[in-house]
Amino acid sequence: MDSQTIVGDPDASLDALLNGMYAQLKSWSDPMHRMGEYAGDNMMIRGSSTDAFYEFISYARTPNNYRLTQFWDSGYKAIAQASNIIDMIGEGQSAEIDNKIGESYYVRGMMYFYLTRAFGRPYYQDPETNLGVPIVNGTPDDVLNMNLDDRATVKQSYEQAIADLKKAEALMTLDKSSIYASKEAAQAMLSRIYLYMSGTYTSPNTEYAQLSVDYANKVINSGKYSLLPRAQFMKYNTFIPENNAETIFAIKRVASEFSGYDHYYGVGGMYANLGGMGWGEMYASAKYLELLDETGRNDWRSDSFHMVDARAAFIQPTYSKNANTGAYTEVFRFIKEDDGDVLNYVQANITRNGSIITATEGSDSYTLTPIDASQEIYSILYKDGKTYEGVIDNYITLNRVYPQFYIIKASLEGEESHLHSPVISRLGEVYLNRAEAFAKLGKYGDALIDLNTIRERSIEGAGYTDLDESNAGARIDKERQLELAYQAERSYDVFRNGKALTRHYPGPHKQFEDISPTDFRVVYYIPQDAINSYPGTLTQNPTQ
C-alpha cells in the first residue's frame, strides 16, 4: 500500500495493515510452540525424526533449521509491520486509531520478548552482557545501503519489549474480543516479563517480582475475565477464543485456512490422530502423567471414567479392542528399567481369580501386590529383581513400543479436528504469575491463595494447607507445569528459575541426561540464513 494513501486516510487503511500484522503471528506461532514445548518434559516422541523440530527435542542444536528461520523471519516481519504502522500513523486523531496503534505496540513488544527468551540466556544470568536480539524498529529509509546494529543485550531487549507494552497499555482504551490485543493483554504480558526478570527462588529480584504482582493485579481486578468452572475448563480447547471467558489473547485460526489434510501439519497434528487427521507421533510424557496422578489416579476407561485432575481431560489414550471379541483387553501397565539407563513401558495381560490378579508377559507370570486396590494400583516383583508400581488398565495401542497417550489440548476447537487458536495469555497463567511473584517477595500467604485458586479448580479439595520458603518453589513450578502444559511455556519456566530439565521417562531422548540452566544449549542458535542476509554483524550464540 502506498504510504501517502495510508497517511492521508489512516482510518480506511489501518484495518488492512493490522490484519497483515496479525497474519504474521499465525506462521510464527507454529515454531514458537514447538521450540517452547518440545524442549520441555511434558511430551515424548515415538522415535527419532528427520524433521527439523527433532533438534528441539534432542538438544542437538544447529543453526541450519528451517523452523528456527520461520520463527525468526515471521517474528521480525511482525515487528517490521507493527513499526511501520507506528511510524506512519499519528497518535491523538481518535480513540479508535490510538487503539490500533496500541495493538501494533503490543505485537512488537510481545515479539521482542518471545525472540529474546528463545535466543537470549535466562534473565538472571548477566543480562547486561549476554546478548538478546537486534532491535530494528521499522524499515530504514535507505534499504539498499543498510548497516544494522548487532544484537542488543538481554537487558536492552527486555527494556524494548517493556517500553512497547507500556505504550500499548496506555493507547488501548477500547474493549475488543480476545483475538485482538488489548490493554489487559499488554498487562498480562508485562506480568510475565517481570516474572522472567524476577530472579530465582533462592536469589529473587524483589523489584521485578513486585512489578509482576502489580500488573497481574491490573488484569485480575479489571473484572473482564473469569476462570472457567471445572467442567467447562476440561473442554477449554473446544471453545473458540472469542467465546472463552478465560482467554485474554489468542492467535485466531479458522477452519477455512486449512484444506483437507492440511490439518496434519497444525500443532495438534503431531500430538494426536483424530478422525483420520494427524500424525499422532507425540504423547504425554510419563512424567506429566505421573504429576496428573499425584493426588489420585485419573481413569480414562469408559466404564470407570474419573478425572481426579481436570487437566487429565486434555489427554486421550488410544484404547484398543480385541478384533475377534470386540472387548477391551485388561493389562497391568508399568515402566521398567533396562540395563540401568533405558526406561520402557510394559503392558502385561492379566487374569483375575477372586482377589488374586496375575500378570503374564511371555512365559513369565507374576502375582500383583495391591497398593490401592480401589484405584487398581498394584506393584510387581519383576524378573529383574526390581519392584515396580503400575495400574490395571485397558490395553493402549502402541506406536513403535510406546502407548499412545494422545494430547488434545491443541486440537478440536469448534470440534474441528486439529483446529487450534494458540493461547498467548489467559487468566489462569496470570494467577500463577502472581503466586510465584508473591512467593519471591516472601508473601507466602498471598501466594498460597493464588496457587490454590488454580489448583482447587482442577483437583477438588486438594488445596495446600501451607506454603513457605522450603516448598513454595517446587509447588508453584509443579502447578505451572500442570496448568500451562502444551502452551509452549515449560522449558523456559524451568531454566529462568535456575533449575535443570530432567527427562527420566520412556522415549528416544537421552533419558538420564539433565540439561543445566547454564548449558549452552538452553538457547537456540541464531538461524544461519538470518546471519547470511543480515546487513551488518549478527553475532551467533556460543557453540559450546
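Inspect all residues belonging to region 90-104 and state whether any of them is under 26 Å from ILE531 (Cα atoms), open to solvent by 10 Å² or more (accessible area, probe 1.4 Å) and not acidic (Asp, Glu). No, every residue in region 90-104 fails to be under 26 Å from ILE531 (Cα atoms), open to solvent by 10 Å² or more (accessible area, probe 1.4 Å) and not acidic (Asp, Glu). When the criteria are applied in full, ASN349 fails the requirement of being in contact with an Asp or Glu (Cβ under 8 Å, 6 or more places away or on another chain), surrounded by fewer than 19 Cβ atoms within 10 Å (Cβ to Cβ), within 30 Å of TYR264 (Cβ to Cβ) and not basic (Lys, Arg). Taking every residue in region 214-241 that is at negative phi and pairing it with any residue that is among the polar types (S, T, N, Q) and open to solvent by 20 Å² or more (accessible area, probe 1.4 Å), at least 6 positions away or on another chain, the pairs with Cβ-Cβ distances below 9 Å are LEU227/THR453; PHE239/GLN232; PRO241/SER177.
Of the residues that sit in region 443-472 and are open to solvent by less than 40 Å² (accessible area, probe 1.4 Å) and under 14 Å from TYR201 (Cβ atoms), which one is nearest to the chain's Cα centre (by Cα)? Once the filter is applied, the top-ranked residue is LEU451. Within 22 Å of TYR505 (Cα to Cα), touching a Pro at 6+ places or on another chain (Cβ under 8 Å) and not hydroxyl-bearing (Ser, Thr, Tyr) - does that describe any residue in region 313-325? Yes, region 313-325 contains at least one residue that is within 22 Å of TYR505 (Cα to Cα), touching a Pro at 6+ places or on another chain (Cβ under 8 Å) and not hydroxyl-bearing (Ser, Thr, Tyr).
For beta carbons closer than 6 Å, sequence separation of 6+ or different chains, a first residue in region 513-531 that is in a helix (DSSP H, G or I) and a second that is among the aromatic types (Phe, Trp, Tyr) and surrounded by 14 or more Cβ atoms within 10 Å (Cβ to Cβ), the qualifying pairs are ARG521/TYR59; VAL522/PHE495; ALA530/TRP72. Scanning region 403-445 for residues that are in a helix (DSSP H, G or I) and over 20 Å from LEU190 (Cα atoms) gives GLU413, GLY414, GLU415, TYR444, GLY445. Taking the criterion of being open to solvent by less than 40 Å² (accessible area, probe 1.4 Å) and of a type in the set (Asp, Glu), the only residue of region 282-308 that qualifies is ASP299. Checking the structure you have, find out if any residue of region 255-273 is more than 22 Å from GLY463 (Cβ to Cβ), surrounded by fewer than 16 Cβ atoms within 10 Å (Cβ to Cβ), touching a residue at least 40 places away in the same chain (Cβ under 8 Å) and touching a Lys or Arg at 6+ places or on another chain (Cβ under 8 Å). Yes, region 255-273 contains at least one residue that is more than 22 Å from GLY463 (Cβ to Cβ), surrounded by fewer than 16 Cβ atoms within 10 Å (Cβ to Cβ), touching a residue at least 40 places away in the same chain (Cβ under 8 Å) and touching a Lys or Arg at 6+ places or on another chain (Cβ under 8 Å).
Kindly check whether there is at least one residue in region 187-195 that is open to solvent by less than 20 Å² (accessible area, probe 1.4 Å) and free of Cβ contacts under 8 Å to residues at least 24 places away in the same chain. Within region 187-195, not a single residue is open to solvent by less than 20 Å² (accessible area, probe 1.4 Å) and free of Cβ contacts under 8 Å to residues at least 24 places away in the same chain. Each residue in region 64-89 was checked for being in contact (Cβ under 8 Å) with a residue 60 or more places away in the chain, open to solvent by 30 Å² or more (accessible area, probe 1.4 Å) and over 19 Å from LEU165 (Cβ atoms), and 3 pass.
The values are calculated or read from the model by the stated rules, or taken from the named source; none is laboratory data. Computed from a prediction, not measured in an experiment: that's the story for all the values here. Cβ sites come from the backbone with ideal geometry, for glycine too, and all protein chains shown count toward neighbours. SASA here: full protein model, heavy atoms, side chains in, ligands and nucleic acids out. Shrake-Rupley method; radii C 1.70, N 1.55, O 1.52, S 1.80 Å.
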